[in-house]
């Protein structure tokens, strides 16, 4: 049994495609087996909704009269990058206002733009013969911008560690507040709904794959940063952070429900983002991998009080983590998630609905993602040695 993208898309156009979420297909395969399920189902939709720090947006303001070459740009008091062309900028999700107590940053600017709010733009420039204006102070909305699109270098981590803290003091991290003496542990994955856990070796997800991004349509644009494959696997699925996706999408299509600025206490700003990837069931192998359950997916617990040398302490299934407690050497530890499983379900369901309505076609990758990749640490060299080079 084999299907093609065109055969599946023709069924989508005629509203005859059979679509299941990655959660629904687990029970289907248990009841009917992989072969029968692969014959029946055309698409499996995945979803994730959590903090994705490595995100941001390219914006084009258009030219004022007289024009200005913006080199110092503030959006609602948040610094945006001024090293592009005259009225282009990139605002990073984790960039904060100078007043860090406000709990506001680039992610909130992105959310506010998508929500239709006016954003205060203040910019200065050097003044040149072709760009004579030296400063501008105005307000812009998403409708005012020529282009506004998310370009996120690293989203949808394939897996991630479980964070705990063995020290005597609380730690405030991107994984939330970690209580002393292992009183809690936090994880960050949608488990059986997560896109790259359902296609662990990127057999169908590649560059050009059309995705659900922030409520609109987007695309996988490249492998994400820190993309690596040299990670231990259980059942063919990595048990630690491995592959990632770089994604792009038009902000003017997006919904602020799926794009939210976060203020993580003691850490800083991040962007909560909903991403869904449709998996075409081209053959039984794709179906078997997409039917993975939380009982079959594992993550490793790490001690975040040892930032220079975190080593795995234990390994837990996502079913155990999602139960609310785990055991470690006779100690019961409360667990919580930094990502929203309810949000991931909503993403996968919304993507399913759009496909069933014939509104969302699948896009075959123009290039597959690398089959091998590793991450190098930053080598810190002495300034003198660098100068001698």
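Every read-out reported here was derived from the displayed coordinates using simple, explicitly stated rules and does not represent laboratory data. Since we're looking at a predicted model, the values are computed, not measured. Heads up, the Cβs are rebuilt from the backbone with ideal geometry, glycines too, and the neighbour counts pull from every protein chain shown.
Compute the relative contact order of the stretch 235-389 as a whole-number percentage, counting only Cα pairs closer than 8 Å that sit 6 or more residues apart in sequence.
Reported as a whole number, the value is 15 percent.
Just to be sure I understand, if you calculate Cα extents along the principal axes in Å for this structure, which of (1) 116, 67, 47; (2) 71, 50, 41; (3) 71, 60, 44 do you get?
So the structure-derived entry is (3).
When 300, 147 are ordered from fewest to most other Cβ atoms inside 10 Å of their Cβ, what list results?
So the residues, fewest neighbours to most, are 147, 300.
What order do you get for 246-257, 23-34 when each peptide is scored by the mean count of other beta carbon atoms within 10 Å, highest first?
Final packing ranking: 246-257, 23-34.
Residues of the stretch 275-295 with backbone nitrogen within less than 13 Å of a virtual label 7 Å along the Cα-to-Cβ line of residue 319, please, listed as ranges.
What the label zone holds, given the 13 Å backbone N cut-off, is 292-295.
Taking 8 Å as the Cα distance limit and 6 or more residues as the minimum spacing, I'd like the relative contact order of the stretch 62-145 as a percentage.
Relative contact order, the stretch 62-145: 33 percent.
For the chain, calculate the relative contact order in percent as a whole number, restricting contacts to Cα pairs under 8 Å that are 6 or more residues apart.
Relative contact order comes out at 24 percent.
Residue 128 to residue 98: FRET efficiency via 1/(1 + (r/R0)^6), r the Cβ-Cβ distance, R0 22 Å, to the nearest 0.05?
Efficiency for this residue pair is about 0.20.
Where does each of 323, 270, 293, 64 land when they are ranked from fewest to most other beta-carbon atoms within 10 angstrom?
323, 64, 293, 270
At R0 = 51 Å, how high is the FRET efficiency between residue 40 and residue 117 if r is their beta carbon distance? Nearest 0.05 is fine.
0.70
What is the distance in Å between the Cα centres of the stretch 109-123 and the stretch 148-211?
The stretch 109-123 and the stretch 148-211 have Cα centres separated by 28 Å.
I want to verify a result. In a Gaussian network model of the chain, Cα cutoff 10 Å, which of these has the top mean-square fluctuation: 346, 376, 169?
376
For 21, 164, what's the fewest-to-most ordering of other Cβ within 10 Å of each Cβ?
Taking fewest neighbouring Cβ atoms as first place, the list is 21, 164.
Give, as ranges by residue number, the residues of the stretch 179-194 whose backbone N falls under 20 Å from the point 7 Å along Cα→Cβ of residue 336.
179-191
Calculate the spin-label point distance for residue 380 paired with residue 364, positioning each point 7 Å from the Cα along the beta-carbon direction, and give it in nanometres.
So the label points at residue 364 and residue 380 sit 5.0 nm apart.
With springs only between Cα atoms under 10 Å apart, run a GNM on the chain and tell me which of 114, 355, 326 wobbles the most.
So, out of 114, 355, 326, the one fluctuating most is 326.
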